[in-house]
Amino acid sequence: TQNSPLLLVGGTGLYIKSIVRGLKIPRVAPNSELRSQLSALGQIQLYHFLQQVDPIAAQKIHANDEVRTLRALEVFYVTGEPISQQQGENPPNYPIFQIGLDCQSDALTRRIAKRTEEMLEMGLVKEVETLCKKYRWDLPLLDTLGYREIKQYLAGEVSLNEAKDLTVLHTRQFAKRQRTWFRAIPEIEWFDVDSYDLLEEVWRFIGERLSSFEE
């Protein structure tokens, strides 16, 4: 119905931030040909260009940040306007309730290890091998958690058990960074993921917040 709450589940910290704060993002699709031409010039030259066409963005982007430098230049050359002038915030006019599920460190480690084991059982090695053959070994997609470690295994750099242990380790490190990010957001209401009446607690919180907003 019209008054029913909408649920957004998951997402990176930056993605959620873009939703709750209404971040304005330039609608410029990645241009592989332009990126290739720009990348050939080298980061030093690209950053120098950025300082000339968009000094405001250059102040916010580190001189060694190739990804953001390239994106800022891509937006400028496609639209003719600096990316700094196309960014900003336009917060939504409806209430947003942010809910976080917290988990004890030991329990989280067990969950990560179980998930890694399940990924391997479901054919992660074969999937990575197929993707490497179909595309290429340096595909950015394959430089992410789980894929990167299996690539090391396929390259003969580590054993399968070592690749599994590395996946667990790197996922734990990523989870720690994510937890630190989200813990710094005061608007998030935290709940214990192992609570026996977790759903009831969450819906009770949502109901109370909705009622207070309507008043």
Task: Interchain or long-range residues, amide H under 5 Å from I99's placed H - done: E189
TODO: Report ³J(HN,Hα) in whole Hz for each residue of region 30-44, in order, from the Karplus equation J = 6.51 cos²θ - 1.76 cosθ + 1.60 where θ = phi - 60°; Gly and Pro get x.
DONE: x, 10, 4, 5, 5, 4, 5, 5, 5, 4, 5, 7, x, 5, 4
TODO: Rounded to whole Hz and in sequence order, give me ³J(HN,Hα) for region 134-151 from the Karplus expression 6.51 cos²θ - 1.76 cosθ + 1.60, θ = phi - 60°, writing x for Gly and Pro.
DONE: 6, 10, 7, 5, 9, 4, x, 4, 8, 10, 10, 3, x, 5, 4, 5, 5, 4
Open item on the list: Working only with C-alpha atoms, what are the Rg and Dmax values of region 114-215, expressed in angstrom?
Closed with: 19.9, 64
Task: Anchor K60: lysines whose Cα lies under 23 Å away (excluding residues fewer than 8 positions away in-chain) - done: K17, K24
Task: Cα centroid separation, region 40-74 to region 82-139 (Å) - done: 27 Å
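What ranking, highest mean first, results for peptides 143-155, 185-197 when packing means the other Cβ atoms within 10 Å averaged over each residue?
Final packing ranking: 143-155, 185-197.
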Task: Computed over the chain, Cα set: Rg, Dmax in Å - done: 21.9, 64
Task: Cα-based shape type of region 173-215, given that a ≥ b ≥ c are square roots of the gyration tensor eigenvalues and the cut on a/c is 1.5 - done: oblate
Task: Over the chain: helical MRE at 222 nm, DSSP H runs n ≥ 4 each giving -39500 (n - 2.57), nearest 500 - done: -18000 deg cm²/dmol
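Any read-out appearing in this document is the output of simple, stated calculations on the displayed coordinates, not a laboratory observation. Keep in mind the model is a prediction, meaning the values are calculated, not measured. Here the Cβ is made from the backbone with ideal geometry for all residues, glycine too, and neighbour counts use every protein chain on show.
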